[in-house]
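Quick notes on the structure that follows.
The values are calculated or read from the model by the stated rules, or taken from the named source; none is laboratory data. Values in this document were obtained by computation on a predicted structure and should not be read as measured data. Glycine gets a Cβ as well: all are built from the backbone with ideal geometry, and neighbour counts include every protein chain shown. Side chains included, ligands, DNA and RNA excluded: accessible areas come from the protein's heavy atoms. Shrake-Rupley method; radii C 1.70, N 1.55, O 1.52, S 1.80 Å.
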Amino acid sequence: YKTNQTILFSVKPTLSMDISGDLLINNLVPGSYAYSNGLDMTVSSNAQNGFYVQATAGSPDNNTTSLINTSTGDNYEISSIPENPDIDDISEAEDNTWGFYYNNDCVPGFDSVDEYNGWTAFTGLPLDGDSTTPPEVIFNAEDYHGTYGGHQPFCFKIGAKAGSDLPSGIYSNVINFYAISHPVSDLATIEDVEYMQEFATMSEGEKAIIKASMQPDKQYIIKDNRDGKEYYIARLKDGNIWMTQNLDHNIVTTENFYTSENTDLPWDFSDPINPTPGVWDPIRATYATGDRTWVKSGPESYDPGNYCWNGSTPGSYHAISCTSEDANKHYALGNYYNWNAAVAANSISDFTKEDNVNQSICPAGWKLPNAQGDLSYSGLVETLALTSGTNGNVQNDPVYFVYGGRWTGSRTSANGYYESAYYKSGNTTGRFYFSITPTISPRGLGSRSEGYFVRCVAR
């Protein structure tokens, strides 16, 4: 006799909110404006996808967002300003109105707008339970999930502006705060991801779900939405998701084509409410197959055509026309990029210290690995024990680092060369290099003017 019994258990993430006291404006006089004390708030959760905080105004026995005068018995009130009224300070609001602002990067106990930056613009709150206007999301902590402890403080204030005809009295209402954990992402597996750029909009929790769905070292196919080209990717034993073939993107000079929304460029957060994407307008496009001109300054990229490493390790570099079998072996060479092109820059004047450059020609959500530190070629070498450059696992599954040489402006050389985001002063930079002999140098140096291959790793 045999019976199948279902096993069920539930996981209930923790979620809590700690708020200190009430909001009080105790010095508002007619014909003036004033701010409340600062309300320190802390939300804690180990929810996998983080949490968010919403706020509304009004109470069940007072169906209004206005601050009502409870002292005189008259129907005087201070109305809520509109949502997103495009004002930076309550002094810019109309008379007899109030609004709120907050800071999600504050120090608890800080009570001065002037002394601490990062406060949002003033806005109004919708009425609690108003089905036509959803609660105001005042803080969205997608990245504060269990991995980071999920403990996030933020600060909240209100301000009011009184007209000269506003009578004295106590004006009050209620603000309702809600802490809500994010639901499980709709992106359940890597199979649900079509474009590489989708990684840029995922929370850390969503990335964790995607990564967990990938079998170690198994190859998956994903697209770059800038040109529709497909690439193999894999979750390698170092725990990171890597491209397992070389980038083959041809640089274009179309104005505003490369932005933070499709390319690994930093966003401009000078306005934290409405950040703007960074832009890279390269001064030169990729040189076509057969064009051997190489200016050696600014961004340079060369497309050698539909060629593959032929799988022959000894001797100098050899390339053959790619067949479907070669492509399935990840042997396509891709393009050569000098360092300026690899880090999406027209010159190196913006980089002045030895550090990891935090931008690249990789798709948004992906980065150029560096030759130093944890997320690096050296870490990959150590984790995968890539110690053999001859018929070893450098060229084969799962990493497929092919022998494609480097482009010097007129010819290619032997060995294998890969770009790094690590900047070193002078005319050299750290790269990943392996020779046709059993030698691997994860911190090899090379001229920035030479063309190397590019591999990207998910951020």
- prompt: Counting Lys +1, Arg +1, Asp -1, Glu -1, what net charge surrounds K229 among other residues with beta carbon under 14 Å of its beta carbon?
  reply: -4
query: Which entries of K223/K367; K157/K207; K211/K367 show an alpha-carbon separation above 23 angstrom in the structure shown?
result: K157/K207
field: Potential extension, D350-L23 segment - 0.36 nm per residue separation minus Cα distance
entry: 113.2 nm
- prompt: Calculated FRET efficiency, K237 and A414, Cβ-Cβ r, R0 35 Å, to nearest 0.05?
  reply: 0.80
- request: Find the accessible area per residue for the stretch 219-299; the probe is 1.4 Å, ligands and nucleic acids are left out, and the unit is Å².
  value: 48 Å²
